[in-house]
1. Once phi is turned into θ = phi - 60°, what whole-Hz ³J(HN,Hα) does the Karplus curve with 6.51, -1.76 and 1.60 give for every residue of region B:100-106, x standing for Gly and Pro?
2. Compute the convex hull volume of the Cα atoms of region A:274-317, divide it by the residue count, and report the result per residue in Å³ as a whole number.
3. Highest mean first, what order results for B:27-35, B:317-325, C:212-220, C:43-51 on Cβ atoms within 10 Å?
4. What average count of beta carbons from other chains do you get within 10 Å of the Cβ of residues in B:268-281?
5. Which of B:L26, B:L288, B:L178 moves most in a GNM of chain B, Cα contacts under 10 Å?
6. Most fluctuating residue of B:Y75, B:Y39, B:Y241 in a GNM of chain B with Cα springs under 10 Å: which is it?
7. Between Rg and the Kirkwood Rh of chain C, both from Cα atoms, what is the Rg to Rh ratio?
8. Counting only other chains, and only Cβ atoms inside 10 Å, what mean value do you get across the residues of B:318-330?
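We did not get these values from a lab; they are worked out from the coordinates using the rules stated. Only a predicted model underlies this, so the values are computations on that prediction, with no experimental measurement involved. A quick note on method: Cβ atoms are made from the backbone with ideal geometry, for glycine too, and the neighbour counts reach across all protein chains shown.
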Amino acid sequence: MGEFVLPKLGADMSRGRLVEWVKKPGERVARGEVIAVIETDKANVEVEAYDSGTLEKILVAPGSEWLPVGTPLAVIGGEEVQSAPAPEVPRAPPTLPVSAPRDSPPAPAPRAPARAPEAPRPPVRPREAPRAAPAPRAAEGARLHVSPAARRRAQALGVDIATVRGSGPDGRIVLEDVEAAARGASLAAPVPAADKRTRMREAIAAAMARSKREIPHYYLATTIDLGRALAWLASYNAARPVTERMLYGVLLLKAVALALRQVPELNGFWIEGHAQVSEAVHLGVAISLRGGGLVAPALHDADKLALPELMTRLQDLVTRARASSLRSSEMTDATITVTSLGERGVEAVYGVIYPPQVALVGFGKVVTRPWAVDGAVRPREVVTATLSGDHRASDGHRGGIFLDALDRLLQEPENL
Amino acid sequence: MTLERLPPHAPAIERDHAHQLLRQMLLIRRFEERTEERYAAGKIRGFLHVYIGEEAIAVGAMRSLTDDDAIVATYREHGHALARGVPAGALMAEMFGKANGCSRGRGGSMHMFDASRRFYGGHAIVAGGIPFAVGLALADKMQGQSRVTACFFGDGAVAEGEFHESMNLAALWKLPVLFMCENNQYAISTPLATSHSEPDLHLKARAYRLPSEAVDGMDVCAVETAVARAAASVRRGDGPYFLEFRTYRFRGHSMGDPQRYRAKEEVAQWEKRDPIVQFIDRLAREGLVTDVEIAAMERDVANEVAWSVEEAEQGPWEPVEDLEKDVYTPTDG
Amino acid sequence: MAKLTYREAVRAAMREAMAADPRVFLMGEDVGLHGGAFAVSMGLFEEFGPERIRDTPLMESTFVGAGIGAAVGGMRPIVEVMTINFSLLALDQIVNTAAALRHMSGGQLSVPLVVRMASGGGRGLAAQHSHSLEGWYAHVPGIKVATPATVADAKGLLLAALADPDPVLVFEHATLYPMEGEDADDTPMTLGRAAVRRAGDDVTIIAYGGSLPKALAAADALAAEEIAAEVLDLRTLRPLDVEAIVASVAKTHHAVVVDEMWRTGSFAGEIAAIIMERAFDELDAPVARVASAEVPMPYSKPLEDAALPSAEKIVAAARRLFS
């Protein structure tokens, strides 16, 4: 007993139409006998039965609609299969054997359904409501032409792209234009020095206003005994010519870089509502420029540099910053900013974080203070280290751990 | 299944030998009937070209070749694979697209491979396998191997340029190829006379100075004897040999072929020469087989076919993650 | 390191491989006593004899197909197809058999075949001997495509192709045959590694095969205009060194792709798409393409020059990225 279904008669057949029943209900059907004529998209085809038996019931009348392959067309019932296409050759029913035939491989063990059920699809996310405002457009309504690289750099630098003048082909805003805007100078149109300063001021104003508008700052401070560090440095420098001597600021930078490894959430960015921790430590070193203004170019991979190398890089960076020849990567790659106003006599710095960074470390001047050492009060040289943290990316507790780590690192200057 | 090989030129057929040939032809017939059924049920995809009516050629030919010889076949190769000894389960699983198929579900009905049995496909570009076979033979010759590459193709392929190029190259370089044309009278729907200015196909090989013969492809014994003779010549180093087997496919070119190009009477005429029926008649006349033996053989074959379906059904799908596997040979680096 | 020509480098690789491995042999049209249409195999017939330097009849499809069979049968054939245009007669064997065999046999068969052919224009050979269709072949998974542009690569990449277990097509740009250069050192080369032939920060010129000398000349000219061009030689089109392309564009933010294929459907289009997919945010200008004009290769010199990429066209395309 079985259903006679609309068979698939070719690779491209998905549907068929019943044209004619060759057998009538009640008639015997032998396997291999033509039972019906099916129309496919290519031709009318005589279809043979795959079972023997009696055509019990016709389910689909001739002249049917197009039906999908697999549609039951009739019921064939009655006795078991007996006849075969070549009647001269007796044919046994294809039943499952009790034991494996001579040369067959062993019977496969029954398995769970061969194909694992498909993993449930994640629910379709509701489409976000259309944005209230369309993408930014230039004032006249024409679309701004901005290169992808320039657009990304502008976002990283907090530069409002609508204020940038394009110098590329067809007025496209290109990378250089954004970097120039961030520096407060347009390469496209050289401007007088006073204008440059004005532009830099505007850029700093924009970044700092954004910082204070968006970043919930917290501030921590600690005073660190620099006695051991300075003593180590003095003996290091004593053995070297002037050109190879190091400044104590290099020790501070290296200590900051290493301390960040212990509290990585201070090293990175806050972008579009998410913290992005950076694996690399690129210290932005705040450098004040002659004639006013400030840049904080990156000392790349400061945590991996040996002290002498760090010193060389720092000198080079300061020189080039003051000569306005910084590289674009240096302008944008910093993952945290370090500022020191010690030379100006300041004791402690509570800095404004440079977005999209999430922390700023400040150092004041090195002062000699009475300090308890091994139970006795002694004069010691100390420095006040401060941390400005973005409370969205870290908490005061973690900030405290960072300052503590910084302190410990500076107690073992030979390991820096 | 494995078969004992009889020496070529067996003068009169012996009972065991005859039973083995018959069982193989029956296995191919019943196996393919089952594939048609599974195709209609949607278990087998793509094109399905069955060999029903032509079984005597693969069975007779394989019987006269050795395990060392190479086989190159076409997209109508289920029979050749079975006769070569590729397990029915691996073939059925391949058609089901399962990972336990002989080509891990990547080839399907048209691309059956079993390198361990030197069964080199399964080529679905008409005549495309012929230069490949010539190359296998070239490698054998250059490596001093005395083995035969047996290349099967149809009458349609004889119209292709690669056939003629290959005849020429094999003859020029005296390569050990046995060309075997299964002339089933139609290239899909195009009859021989519409394709060939010289419909006596084996004569074409003569133009390339190959020895050639036309053989009754419906007579398994005639096939076996001719292939034994031809293979011996090739193996001796006398260069390539061409055999044309005159045969007929009882079914359409592939599933769903409405066969408007030929009359039912013509098919019926050829069906009277069914190679299985003819062989049974001969054996019965000579007292070499009984109805009881045939019934037992049918039961045995039915079991083997049923098991092949079971293996195919139970077989796992190749994981989709392995989609791009086997495009290139993995290397250590 | 010794100097030799590109042609000699290819020959040296074949000689070295044949001396080291008895499975290696060469077959093709006129490769024997004649020494090959481009004199690449000159002298090998005398050295290795007719069994291993096999002259074939004119039957590209069948001798490539026979190469596939011989490779599966345990040999390491090198098949020379006289020019890329003739390889179209063997396209069926290359695409339908060589590329597909391993996959459609479920990993049972590998095809360690090398097919060499001369490609490219610039020699006054007009519309049936001059084209660049290597990107068509690079479209096909299952084969590998090498396009050596230097003398060292002509040898090293061919040796790498011969050591590879899968079919490798090697396209020898015919204008390069007489070019002199340094021999390869003994370090085995790997297919799928691009090379920076000249470093620069402003724009990446991506080239391969016969376009590399043009790209290097363009970089010289651009340097005079204070545009520092980086020249990236792809060396193989499949496998393609995507990381090298992305890394260079991430550095320069500008790209000019040079390709002797016709512009429409050129391999340069694939490179441009990869840059767009993988380095969109690095781009400071649209990717520029310098490709062949949409015309069967003309015979006359002024017309052929106009149809092909040139250093001047590359310079102009690079300039347009900046102003």
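1. Working through the residues one at a time gives 8, x, 5, 10, 6, x, 9 Hz.
2. It is 68 Å³ per residue.
3. Those peptides, ordered most packed to least, come out B:27-35, C:212-220, C:43-51, B:317-325.
4. Rounded to a whole number, the mean comes out at 1.
5. Of B:L26, B:L288, B:L178, the Gaussian network model singles out B:L288 as fluctuating most.
6. In the Gaussian network model the winner is B:Y39.
7. Using only Cα positions, Rg/Rh for chain C is 0.97.
8. That average works out to 4.
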